[in-house]
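These notes concern the structure reproduced below.
The values are calculated or read from the model by the stated rules, or taken from the named source; none is laboratory data. From a predicted model like this one, the values you see are computed outputs, not experimental measurements. Here the Cβ positions follow ideal geometry from the backbone for every residue, glycine too, while neighbour counts run over all protein chains shown. SASA here: full protein model, heavy atoms, side chains in, ligands and nucleic acids out. Shrake-Rupley method; radii C 1.70, N 1.55, O 1.52, S 1.80 Å.
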Amino acid sequence: MQAWQFALSQGELHGLTNNGKGPVMLGLHGFLDNAESLACLFPYFDNYQFIAIDLPGHGKSYHRPLGANYHQLDFIQDIHELIEANNWQDIILIGHSLGGILATIYAGVFPERVVKVVSIDACGPLTMEADTSASQVRESVLSRLPKQSSSSGSRPVDIDAAVAARCKISDINAEHARAIIMRNIKCNDEGEFVWGSDPRLRTKSTLRLTESQAQNLMEAIRCPVWFGGATDSFKHLETIYPKRKIWWKNSQIELFSGGHHFHMINPSAVSTAIRSFVEEM
C-alpha cells in the first residue's frame, strides 16, 4: 500500500493505492470515512490498479474554498475531472455507502467510461419527496450558519474518545474506527492531534434527489452493477433492492453477515465475490 495524490484544478486529491498494474479500479469511500476504509481490499486485487481516494474535505484531500459547501453532486465533478485528466477508460468503480451512491450516479452520467460498478451497502441515491423541498432548503441553510470557515479547528482531539464515539453511533469495531479516524487527523504546530477533515461535511444537503430523478439516473447505467448488502446494517439492502431492481439493466445482490462496514470485517469473502463479478464476461 502506498500514498497517492493528484492535483485537480481546485486542489490536491490524496488517497492510497496498491500500486498494481492492470485495469483501473477507483475506490470511493463513505460519508466521513476516507481511503483507509477500502484499503483492506487491496491485497485481493494485485492485477488491478486499485486507487482509493479521499473525497474532498475527507482524509488528506483538499477542502472546498471559503464560502463553498459540499453538495453531493459536486463530487461527481471531482471524480470526472480525475478520470478525464488521467484518460482512464473502461474503469471499475468500487464504492462504499456514499461512495456506492456516487459510483452509480457517475456510471449513469458517464456510462461510456465505466465497465462495472460495485456498490457496498448502498442501493442507489437517497431520495426525498418533492413536497419536502422547502423544509430541506431551510434545514440546509440553518445547518451552515455556524460552519462558514473551512478550518478544521485547533482543539486537540482525544483519539480514544473519538473512537468510542464513532463506535457508539455506528456498527463499526474499534480497530476499524481508529484506522479511519487517524487518516482524518492531522498534527498542528504544537504536535497535537486535531481534525483534518472539513467540519462543513456535517452540514445538510440543499436538496436530495426525488425518487423519479434517482430512477432516471440509474436507468442510464449501461454496465453491470453488483450490490453487496449486510444482514445487520441500517441500510437494509435486502428490502430496498427488490423495490429498485427494475432500475438497472443488469444487476445482482449478495448479502453478507455483519454491519455497515462488513467489508472491513471480512475482506476476503467480500473481495472474492467482487472479483467473481468483475471478471465475469
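Quick notes on this structure:
- Taking θ as phi - 60° and the Karplus parameters 6.51, -1.76 and 1.60, the scalar couplings of the range 233-250 work out to 8, 5, 6, 6, 4, 5, 9, 6, 4, x, 6, 9, 3, 5, 6, 10, 5, 8 Hz in sequence order, x denoting glycine and proline.
- Mean separation of Cα contacts under 8 Å (6+ apart) over length of the range 73-196, as relative contact order %: 17
- Taking amide H positions as modeled 1.01 Å from N, with prolines and chain starts lacking one, the residues under 5 Å from Tyr48 and 5 or more places away or on another chain are Lys21.
- Ordering Asp189, Asp121 by accessible surface, largest first, gives Asp189, Asp121; the 1.4 Å probe counts only protein heavy atoms, with every chain in place.
- The chymotrypsin sites (Phe, Trp or Tyr not before Pro) found in the range 165-248 that occupy coil by DSSP, while having at most 13 further C-beta atoms within 10 Å, are Phe234.
- Ranking Phe256, Phe110, Phe262 from most to least accessible surface, computed with a 1.4 Å probe over the protein chains only, gives Phe110, Phe256, Phe262.
- Ala165 paired with Asn266, simple spin-label distance in nm, labels 7 Å along Cα-to-beta-carbon: 3.2
- When the listed pairs Lys186/Lys235; Lys60/Lys204; Lys116/Lys204; Lys168/Lys245 are checked against a 26 Å cut-off, the alpha-carbon distance exceeds it for Lys186/Lys235; Lys116/Lys204; Lys168/Lys245.
- Evaluated over the chain, the Cα radius of gyration and Dmax, each in Å: 18.2, 55
- Both numbers refer to the Cα atoms of the range 62-161; Rg and Dmax are 17.0, 46 Å.
- 3J(HN,Hα) along the range 191-205, derived from phi through the Karplus expression 6.51 cos²θ - 1.76 cosθ + 1.60 where θ = phi - 60°, amounts to x, 9, 7, 9, 5, x, 6, 7, x, 5, 4, 7, 6, 8, 4 Hz, with x in place of Gly and Pro.
- Fraction of antiparallel bridges per DSSP, the chain only, in percent to nearest 5: 30
- In this view, the solvent-accessible surface of Lys243, computed with a 1.4 Å probe and all protein chains in place, comes to about 150 Å².
- Computed from backbone phi with θ = phi - 60° and the Karplus coefficients 6.51, -1.76 and 1.60, the 3J(HN,Hα) list for the range 76-87 is 4, 4, 4, 5, 5, 4, 4, 5, 5, 4, 9, 6 Hz; x is used for glycine and proline.
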